[in-house]
Amino acid sequence: MEHRSRHAPALRRFLWGAATSAFQMEGAPACDWTFWKVRDEADRAARLRGVGHLDRTEEDLGLLSSLGVNAYRFSVEWSRVAPRRRDWDRKAMDRYVRIAARLREAGIEPMVTLHHFTNPGWLADGASWAEGDARGEFLRFAEKAVRALREHVRLWVTFNEPNVYVTGGYLGGLMPPGRKNLREGFNVYANILSAHALVYDLIHAGARERPAVGVAHSMVVFRPFSEKSSLDGWAARVAHAFYNLSLIEAFRTGTLSLRLPFLHEEAFPVGTRDKLDFLGVNYYFRLFLRLSPVSIRGPEYFWEDRSRRGLTETGWEVYPKGFEETLRTASAAGVPIVVTENGTAETSDRRKIAYMKDHLRVLHRLIREGTDIRGYFWWSLMDNYEWLEGLRPRFGLYRVDFDSLERVPTNSADFYSRWIKKHPDPLHEP
Ligand code: IFM
């Protein structure tokens, strides 16, 4: 790919990675997810320690070297480094800096996510993403975190899945803060994207070596539940426009346009034009939508096994064709794509490997055809705390015994290692 040199150095070699997030790996004593609808004592404990990564950081980083990946995506837990408003925990931050330094020493490119769903508990008292004042607090955190990490980090994800954060936290009420308010949701989306634009500049301004800054965008293939229903078709089109396209458009135009035809249309200037060095794509499944004429809550959604591969342990359909469709849609952003997450929750190695193989084949085919894809990160390095489902789904390349916290490699880890060895540079394969 002759134009590779125009891009940031960290995007010039293909990134083969694994991804995690801080809360899911190490828990947190005082973030919004610590207290959100805790189910029982075991769940409470899991939210405080995740899968024990804090005590096993060295061991876990060692697993990356055994795997043979050349990149690792992890996040900084905002509530750990800023446990109280205007309070900064240097020691907590230093630990993340050591992780990044240690990765670079091992030849593994750190990709740091600054916001992966969680907010410090104190943020809720007086600052909100809907009003916009949370943005100022986030910028204060981002500025310090970037300053501490930039010596070792060249790849940044400002926000993980803004569309999931907005849909889960402000439209569906499933995630903290549990709101169901369209107007607030739109404001939050706009505030997050404008925070991205500011952090983009901040990262670029002080960098010694050109960094690459992106977002990790969740993308879903939407289909009408019934091909014959025009309402279902309408719901699928609107969902695609809102969930998949509005963010991509915001990076082309600088404006976040949210259109729910006949219901609501709004445009927010968010300053994002050209403030994206790569688009991170998180792809998992296809979703069927049904909209009944009497439904006041909006469309119902379903995963169905129409591809006849059996649903996964999170009840999701396995649909590799959708990965192709998604990557083609994502290329409209006009910047390189990095698959920042792809994976499946399966205890069966056979099924996990089949999923991986089918998705990797799609990846290689699209690269061969000229789609500008620079990296692939498996979700996740190891089983960890899965938000609404807690410690149950097994997305990991390493299996975690949820009692002893022991990590055991699965055959899918071995399969992934061998695949990477066989395809060290997919960008230059015949
Ligand atoms: O575990 C999550 C991750 O935090 C964000 N993307 C989807 C994953 C699987 O649900």
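The values are calculated or read from the model by the stated rules, or taken from the named source; none is laboratory data. All values reported here derive from a predicted model rather than from experimental measurement. Cβ coordinates were reconstructed from backbone atoms using ideal geometry, including for glycine residues, and neighbour counts include every protein chain displayed. These area figures cover heavy atoms from the full protein model, side chains too; ligands, DNA and RNA do not enter into them. Shrake-Rupley method; radii C 1.70, N 1.55, O 1.52, S 1.80 Å.
Things to note:
- Placing unit charges on the Cβ atoms of the charged side chains and taking the dipole of the chain about its Cα centre, the candidate lying farthest along the positive direction among His240, Pro430, Tyr200 is Pro430.
- Here is the P(r) of the range 1-53: all C-alpha pair distances, binned every 10 Å from 0, give 22, 31, 14, 18, 13, 2 in whole percents.
- Values of log10 I(q)/I(0) for the range 158-239 across q = 0.14, 0.17, 0.25 Å⁻¹ run -0.64, -0.82, -1.12, by the Debye formula with one identical scatterer at each alpha carbon and no solvent.
- Helix-only [θ]222 nm of the chain, DSSP H runs n ≥ 4, -39500 (n - 2.57) each, per residue, nearest 500: -11000 deg cm²/dmol
- Just checking the listed ones, Ala18, Ala124, Ala216: in the Gaussian network model of the chain with Cα springs under 10 Å, the one fluctuating most is Ala124.
- For the range 367-430, the solvent-accessible area works out to 43 Å² per residue, with a probe of 1.4 Å and every protein chain left in place.
- Backbone phi angles across the range 107-124, fed through the Karplus curve with coefficients 6.51, -1.76 and 1.60 (θ = phi - 60°), yield HN-Hα couplings of x, 10, 6, x, 10, 9, 9, 8, 9, 10, 6, 8, 10, x, x, 5, 4, 5 Hz in residue order; Gly and Pro are listed as x.
- Net charge dipole, the range 1-112: roughly 440 debye, given to the nearest 20, about the Cα centre with Cβ charges of +1 for Lys and Arg and -1 for Asp and Glu.
- Projected over every direction and averaged, the convex hull enclosing the alpha-carbon atoms of the chain yields 19.6 nm².
- Two tests apply to each whole DSSP H helix in the chain, Cα reach of 24 Å or more along its axis and mean Kyte-Doolittle hydropathy of at least -0.5, and the ones passing both are 133-149, 182-205.
- A simple spin-label model places the labels of Asp94 and Ser404 3.4 nm from each other, with each point 7 Å out along Cα-to-Cβ.
- Cα centroid of the range 412-427 to Cα centroid of the range 334-403, whole Å: 13
- Leading residue at positive end of dipole, the range 176-277 (Cβ point charges), from Leu182, Ala267, Thr255: Leu182
- The dipole here belongs to the range 9-75: it is taken about the Cα centre, uses +1 on the Cβ of Lys and Arg and -1 on the Cβ of Asp and Glu, and is about 340 debye.
- Distance histogram in 10 Å bins (all Cα pairs of the range 217-271, percent per bin): 25, 45, 25, 5, 0
- If R0 is 25 Å, the Cβ-Cβ spacing of Leu263 and Leu388 corresponds to a FRET efficiency of close to 0.40.
- Distance from the range 257-329 to the range 10-77 (C-alpha centre basis), Å: 26
- Computed about the Cα centre, the dipole magnitude for the chain is approximately 680 debye when only Lys and Arg (+1) and Asp and Glu (-1) carry charge, each at its Cβ.
- Its residue count N fixes a reference of 2.2 N^0.38 Å for the range 109-249, and the Cα radius of gyration divided by that reference is 1.17.
- Cβ-derived FRET efficiency at R0 30 Å, Leu182 paired with Lys37, nearest 0.05: 0.85
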